[in-house]
1. Given the protein chains as shown and a 1.4 Å probe, how many square angstrom of VAL563 are accessible, to the nearest 10?
2. Would you mind getting me the FRET efficiency between THR417 and ASN449? Use the beta-carbon distance for r and R0 = 35 Å, nearest 0.05.
3. Pull out the extension gain between ASP91 and GLU214, defined as 0.36 nm times the separation in residues minus the alpha carbon to alpha carbon distance; nm, one decimal.
4. Which one of HIS108, PHE93, LEU67 has its Cα pushed farthest toward the positive end of the charge dipole of the stretch 64-113, where Lys and Arg give +1 and Asp and Glu give -1 at the Cβ?
5. Nothing charged except the Cβ atoms of Lys and Arg (+1) and of Asp and Glu (-1): what's the magnitude of the dipole of the stretch 21-163 about its Cα centre? Round to the nearest 20 debye.
6. Test of the criteria: in the stretch 455-488, which chymotrypsin sites (Phe, Trp or Tyr not before Pro) are in a DSSP loop and have at most 15 other Cβ atoms within 10 angstrom of their Cβ?
7. What order do HIS424, HIS332 take when sorted by accessible area (1.4 Å probe), most exposed first?
8. Relative contact order for the stretch 114-232: what is it in percent, counting Cα pairs under 8 Å that are at least 6 residues apart?
Amino acid sequence: MNNILNFSSLKGKITFSYILLILLPFILIALYSYHQSYQFINSEIENNSRKTLTQVKHAIESKMSVLKNTSINISFNYTLKRFLYEPYSQDDFSSYEMYYSNIRPLVHYAKTYQRGNLNNLYVYMNNPTIPEGFGSFYQEDRLHKEEWYMPFIESDADNRWIYLANEKGTSSNGIFSLIQKINADNGVYLGITKIDIQKNDLFSILDTPEMNKEHIFITDSNKKVLYGNPTSKQLDNISVNSATSYNKNGYKYVIEHVEDLNIYLVYVSKSVISFYSQQIIILFTFVIIVILAILSFYLVLQRIFNTINRTIEHMQKSTKDGKLVPLEVNRHDEIGLMLKIFNKLIMQINDLIQKMIQKETMQKDAQLKALQAQIKPHFIYNTIGLFSAKSELSGFYEISDAFSDFGKMLRYNMDNTMYTSLWHEIEYVKQYIHLQKLKYEDLVRFEANISMELWDVTVLKFSFQPIVENSIRHGFMEGSELQIFMSVEQVEDILYFTITDNGKGIPMERRHTLNKSLASSPQQKEDHYERIGIQNVNKRIKLYFGSEFGVFIDEEVEEGTKVTIKIPFQEGDENVV
């Protein structure tokens, strides 16, 4: 056990990592997944139960709504209210004619049209002069002994649902009745309409095949069962205060309330708690299996590391005293592969040592040759410096300055570096212009408008001088001053250098041809030798930075020439001169 907890060894680290990064997260994920599964199952049971009850409640309320509309249509009928309000004359045939032809059909048609929804329809009249008849019209005094009558008459409610469990002349299934007051337009009480529907008809949706009616029962607020066969224990467990859901004594209860009937729809299903208890046992079994897996993993790991340790000892012996000797490989597993790689590494190290010895010898020879090669350019620089000093002593200051600039340009040219700073490149162009002034004097002017923040950016050497040289060679006009202007614009990570002059310019067709040549692959040869400087700059830019960069000649400019050089922005390097 101490070896297992020894975190300084690789074996202990792997074992600890196995427990911490694999087993522990797996156990936590298993517990979390189980908890989520429990919550999900519980939620699904509740949702499905609630969905079923909502469907039942909607069907019941739909039938109630139909019966209520029928009751309102009769109770608010103008002809009926006028008939019940006016005295009925036994001697006047017109009273009977209205009773038979207008009032009787009103109720008869309603009973016929709603035959599938209602059991019967009655009109109880408060007018004693109207005779009872036609199986639907009765005097109101018949209702005086009903328990619900006086509370309803004395209340402010216009209608109410009541449950009649033992209505005379009906089945023992019980009847729900909708009672509705009939009032004249001036507020005078005229009577009551009463629509009956059998309990089984109101709850008929529960008898459809898709309903799990063995899980559903219906009670009133006193827990009197109106539908279904719940056990006494289930009745005791339900709470009929409001629509809710809860677990109790191993069962899941979901309750919906139908307010107008004051009844409660109850869906009972087996709770997932018992399932949860079974899973606890499974979880403990899983923990024991995990512990056994850790011990088994350690035993296997110990055997593997014993083999690795023996291999390490052999590797240490093979490198003793600085001698790199390959090992004998007689295994075909991962350790054998490691030994093969070790042997290959030893062979590569031996080869590298031999190559380093050869390189050091060759480098010493190269250094001797380089020292000899430095003698010739050093002699040239000293000779040019001598000419410059002699010219200055003789009073030829312009020639002295020209020799000095030429010496600087020559030293710049012979420097083998590929890149330089923008400041050094501009200085090189200015030195070239000074040389040209020997021929053109003040007829050639150069100006560079560049922000000091960009002086240290890195550019390719000889990117601008060939362009300026072309401006002088091909743009200079006798007797006119040639002005060359250079500027730079930074757009995100790209620099655009623009060199313009007021010289002869280039014909439109010629510009188009040159731009087509400049846009071509850098491997293609230029077809105009007089533009070799521009082509050289363009090719080097494309080779070093990519084909999207290079030199472009403006085809829209009307006078002179405008050349744009596009290169990527590169921060200044202190090693670049």
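The values are calculated or read from the model by the stated rules, or taken from the named source; none is laboratory data. Remember, predicted model here, so these are calculated numbers, not experimental data. Here the Cβ positions follow ideal geometry from the backbone for every residue, glycine too, while neighbour counts run over all protein chains shown. In case anyone asks, the SASA skips ligands and DNA or RNA and just uses the protein heavy atoms, side chains included. Shrake-Rupley method; radii C 1.70, N 1.55, O 1.52, S 1.80 Å.
1. Surface open to solvent at VAL563 totals about 10 Å².
2. Working from the Cβ atoms, E equals 0.85.
3. 38.2 nm
4. It is LEU67.
5. My answer is approximately 680 debye.
6. TRP455
7. My answer, sorted largest first, is HIS332, HIS424.
8. Contact order relative to length: 23 percent.
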